[in-house]
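What follows is a single structure, written as structure tokens, with notes after it.
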Amino acid sequence: MISYDKFQGVIYDMDGLLVNSEPIWQEAEKEVFKTVGITLTTEDCLKTTGIPTSAVFDYWYEISPWEGKSKQELEKMLFEKVFSMIKENATAMPGVIETLIFFKNKGLKIGLASASPLELIQIVLEKLEIKEYFDFYHSATLEKNNKPHPDVYLAVAKKLGCPIENCLILEDSINGVRGAKASGATVVAVPDDHFYDFEEYTIADFKIKNLLELVSLPL
């Protein structure tokens, strides 16, 4: 079990950790890539889980170059679809509210560090009605480097007023775990079932099935 005594702040990832958005991203990616003649399966989409959207388009363009629409146009289409679908259908992952209350009661500063754009972060926080819990939220798209670089975590820790070594970072993706570890924080990996046994997660300080494992809930 984690001892929380040394921590001053906790930093959450968003997609796949706070919000069950990965199926939404996958559905949107399939629709957008179909417009340029590329048919993606769910397995295909899983190959790029956790990497910035611009890198997703770079990845598939290298494998199957298309014509007619730029990567920037497709990325804009993707975000529009995801924004709309999250507003309608997004739900919180298990343990989100319980852990936010738990950390708030312990007096920890709470931050959010996402690879997604700031507009999407705001949509998610409002949809899940959890904005009030966060002392600061930030997008890695506003930093020089997106995940797996540590820039966004360092920026959030600084804004929270917490030394990064006294921060606990919660991440679900491999790229997120890499960036979080590179920051110097203590890292808890919360992988999706599909990725849970991947060796890349061994660099995390802890690995759990879901956020509820972080707290001792009353019976």
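For this structure, a couple of remarks:
- Which numbered condition GLU126 misses (of (1) surrounded by fewer than 21 Cβ atoms within 10 Å (Cβ to Cβ); (2) closer than 26 Å to GLU88 by Cβ; (3) in contact with a Phe, Trp or Tyr (Cβ under 8 Å, 6 or more places away or on another chain)): (3)
- If you go through the stretch 26-52 and keep only what is without any contact (Cβ under 8 Å) to a residue 40 or more places away in the chain, outside any loop (DSSP other than H, G, I, E, B) and buried (at least 16 other Cβ atoms within 10 Å of the Cβ), you end up with GLN26, LYS30, ASP44, CYS45.
- Test: ASP44 is closer than 24 Å to ILE208 by Cβ and of a type in the set (D, E, K, R): no
- For VAL96: the one exception among (1) more than 19 Å from the chain's Cα centre (by Cα); (2) modelled with pLDDT of 95 or more: (1)
- Only one of LYS144, LYS81, LYS158 that is free of Cβ contacts under 8 Å to residues at least 40 places away in the same chain and either aromatic (Phe, Trp, Tyr) or touching an Asp or Glu at 6+ places or on another chain (Cβ under 8 Å) (or both): LYS144
The values are calculated or read from the model by the stated rules, or taken from the named source; none is laboratory data. Predicted model only: the values in this text are computed from it and were never measured. When we count neighbours, we look across all protein chains shown, and the Cβ atoms used for this are built from the backbone with ideal geometry, even at glycine.
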